[in-house]
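The values are calculated or read from the model by the stated rules, or taken from the named source; none is laboratory data. In this text, all values refer to a predicted model and were calculated from it rather than measured experimentally. Positions of Cβ are generated from backbone atoms using ideal geometry, with glycine treated the same way; all protein chains shown enter the neighbour counts. These accessible areas exclude ligands, DNA and RNA; they are computed on the full protein's heavy atoms, side chains included. Shrake-Rupley method; radii C 1.70, N 1.55, O 1.52, S 1.80 Å.
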Amino acid sequence: MMLNYNAKTFTAPKKGNAENENEDAFILTYPNEESIIRIAVSDGATESSFSKEWAELLVRYYAIYNFENETFFQSLHPSLRNQWLDKVNTQDLPWYAQEKLEMGAFATILGASISTISGECNISAIGDSNIYIYRDEKMILKFPIEKASDFGSSPFLLSSVLERNKRADKFFFSEELYKLHNGDLVVIGTDAIGQWILLQEENNISTYQELLSLYSGKFDFNNWLNEQRIENKIKNDDTTLVFLKFE
Amino acid sequence: MAYTAEISRTNPSCFLFLIDQSGSMSDNFTETQKPKSQAVADAINKLLQQLVIKCAKSEGVRDYYHVGVIGYNSDGAKPAFAGAIAGRELVPISEIANTPARVEERNKKIDDGAGGLITTTVKFPIWFDAITKGGTPMKEAFQRANIIIDKWLADHPDCFPPVIINITDGESTDGSPLDEMDKLKNKASSDGTVILFNIHASARSNNIISFCGSSTTLPDQYAELLFQGASLLPEFMKSVGKQEYGLTIAEDAKAFVLNADPELLITAIDIGTRPSNALAVR
């Protein structure tokens, strides 16, 4: 039996920044010939430059190739890096842009591949973008970060410079196949919203209804985000939220 | 909690460098046989580069900081920028990025994308050359710094607190600067007190001391004065020093270094996500 699903995506730049300065990227594919959908979110780092371009490449590559174990990066990196350089390397860059280019771009990746036939889901993660699965209104999975306090300002991220990625312990792949059911809600978010979710849950405040209200449109995402920011409940950062609701 | 204000283009912070350009700075470091003044010029050019690079994004340099440089020598304590920004006290970092006195080309080894290294030519901006001239009016330099920071804080009351970096060989010739240093350290925005770094370039000592506490024996009275005048190293800087630079940092560590690289102070001040692996292979 095929699982039916609906998807919603939301993204907003850091308050004070322009829309085109949002360095988050996301992708959601239609089912492929094996009825697998792929969703990926990537968060480009503020302190590296050309991170938006890097984040966009990472989600596009995830959608095509999946990243099932850490060896993926060794084989894909040359092509990723060359495509990134093609986008950003122009002649006569000012000295600081040239220097920054050589330092490389950095971004997270959180990818999920889900079979719409079996409901099986496998997840790849590097950095602090997170996935949550809710069943019967309860959170049954948080991955790869499990505690709100583990979100910091200096995560390990995927770099366009190969040498800087040699930390296999920072690459996370789901070891078991999670099986999604009808009614499940899958939420993928970049770090600000990811941390907000865990902070609420750690204070015994269920996030399911609030997230469902965002998904359904009962709450307007931008208004809701602004309110959270004004009350200092959420970090002011580029914020992306992807929902998949199975029904 | 102090030192948590967001640094943004609408709420920028400020760095003010005070540079000793006195005659004694022409003495050579014993180990490198390089004049102290040259080492200081190199240090300030490098710190400015790091600040610019930190704020550089795809579209240009974002004005997260305004930066000033006061040089002090026998002519007194005066703004020390050259070229188009000469005479100005605090300048947005994007203007500094685009107006170095000159840009040299230097060879540098970089990653070739396949795990190896290749030599390439990089542009190396220079804002300051070594200058040495007469006495060391350090007290006057701090008086001037107090005026500049008062004005900045009046205009930016909620900013991430200004950081002042004094680079000297420590021999003040216009009296003790300690009272002026204390005045400066006690100024604050709503986010915390000003952070004063003293960077001691000593030709007398080969010791390298980074962010020590009171139990460390310092080589002379100049180092002791600069240690005493410096701010306590804030907790967030201690964390970066320990975690990212592998330094052993005492509980009562001060924002003081002797003949050491103060790069940590630039790295530690976050303007957003800073990848932990960006520092590892520098």
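Miscellaneous remarks
- Spherically averaged projected area of the range B:184-258 from its Cα convex hull (nm²): 5.3 nm²
- Solvent-accessible area assigned to carbon and sulfur over the range B:116-198 amounts to 51 percent, based on a 1.4 Å probe.
- Using the Cβ of A:ILE27 as centre and a radius below 11 Å, the other residues enclosed give a net charge of +1, where K and R count +1 and D and E count -1.
- Tail fraction, Cα-Cα pairs, chain B, threshold 27 Å, whole percent: 38 percent
- Cβ-defined net charge surrounding B:PHE211, 11 Å radius [Lys, Arg +1; Asp, Glu -1]: +2
- Cα centre as origin, Lys/Arg/Asp/Glu Cβ charges: the protein assembly as shown dipole, Debye: 560 debye
- Residue-averaged [θ]222 nm for chain B, counting only DSSP H segments that reach four residues, each worth -39500 (n - 2.57): -8500 deg cm²/dmol
- Reciprocal of mean inverse Cα separation for the protein assembly as shown (Kirkwood radius, Å): 25.0 Å
- If only the Cβ of Lys and Arg carry +1 and only the Cβ of Asp and Glu carry -1, the dipole of the range B:89-222 around its Cα centre is close to 280 debye.
- Accessible area per residue for chain B, computed on protein heavy atoms with a 1.4 Å probe, is 40 Å².
- Sequence ranges A:64-76, B:5-17, ranked by mean other-Cβ count within 10 angstrom, highest first: B:5-17, A:64-76
- Members of A:LYS233/B:LYS242; A:LYS52/B:LYS109; A:LYS52/A:LYS87; B:LYS34/B:LYS54 lying beyond 19 Å, as alpha-carbon distances in this model show: A:LYS233/B:LYS242; A:LYS52/B:LYS109; B:LYS34/B:LYS54
- Across peptide A:142-155, the average count of Cβ atoms from other chains found within 10 Å of a residue's Cβ is 2.
- For the range B:24-58, a reduction of at least 30 Å² in accessible area between the chain on its own and the assembled protein chains (probe 1.4 Å) is found at B:ILE53, B:LYS54, B:ALA56, B:LYS57, B:SER58.
- Protection proxy ranking for B:150-162, B:223-235, using the average of other Cβ atoms within 10 Å per residue and placing the highest first: B:223-235, B:150-162.
- Rg/Rh for the range B:1-66, where both radii come from Cα atoms and Rh is the Kirkwood radius: 1.14
- Estimated from helices alone, the mean residue ellipticity of chain A at 222 nm is -9000 deg cm²/dmol (sum of -39500 (n - 2.57) over DSSP H runs with n ≥ 4, per residue).
- Partner chain coverage, peptide B:116-124 - average Cβ within 10 angstrom: 2
- Taking the accessible area of the range A:113-247, probe 1.4 Å, and keeping the other protein chains in place, the carbon and sulfur fraction comes to 45%.
- Inter-chain Cβ neighbour average for residues A:38-50, partner chain, 10 Å: 4
- Protein-protein interface of the range A:88-107, residues with accessible area decrease of at least 30 Å², isolated chain reference, 1.4 Å probe: A:TRP95, A:TYR96, A:GLN98, A:GLU99, A:LYS100, A:GLU102, A:MET103, A:PHE106
- Helix A:191-202 axis, angle to chain A major axis (alpha carbon atoms, nearest 10°): 30 degrees
- In the range A:148-247, chymotrypsin sites (Phe, Trp or Tyr not before Pro) in a DSSP loop with at most 16 other beta-carbon atoms within 10 Å: A:PHE219
- For the range B:177-234 and the range B:1-70, distance of Cα centres in Å: 17 Å
- Put simply, when B:178-190, B:89-101 are sorted by average Cβ atoms within 10 angstrom per residue, most first, you get B:89-101, B:178-190.
- The range A:202-247, Cα convex hull volume normalised per residue, Å³: 99 Å³
- Note that the range B:64-110, at 4 °C in a medium of 1.567 mPa s, gets a Stokes-Einstein diffusion coefficient of 106 µm²/s from its Kirkwood radius over C-alpha pairs.
- Dmax and Rg, reported as Rg then Dmax, of the range A:118-247 (C-alpha, Å): 15.3, 46
- Straight-line cross-link partners of B:LYS78 among the lysines, defined as a Cα under 22 Å from its Cα and at least 8 positions apart when in the same chain: B:LYS36, B:LYS46, B:LYS133, B:LYS139, B:LYS151, B:LYS183, B:LYS185, B:LYS187.
- For the protein assembly as shown, the residue among A:GLN83, A:ALA107, A:ALA63 whose Cα projects farthest onto the positive side of the dipole built from Cβ charges is A:GLN83.
- Think of each Lys and Arg Cβ as +1 and each Asp and Glu Cβ as -1; about the Cα centre, that makes the dipole of the range B:67-128 roughly 80 debye.
- Accessible solvent surface per residue of the range A:26-150, calculated while the other protein chains remain in place, 1.4 angstrom probe, Å²: 40 Å²
- Solvent-accessible area lost on pairing A with B (1.4 Å probe, both sides summed) amounts to about 3400 Å².
- Local electrostatic count, A:VAL59, Cβ distance below 13 Å [Lys/Arg +1, Asp/Glu -1]: -2
- Estimated FRET transfer efficiency when R0 is 35 angstrom, pair B:GLU251-A:THR9 (beta carbons, to 0.05): 0.15
- Compared with the dominant principal axis of the Cα atoms in chain A, helix A:221-230 is inclined by about 80°.
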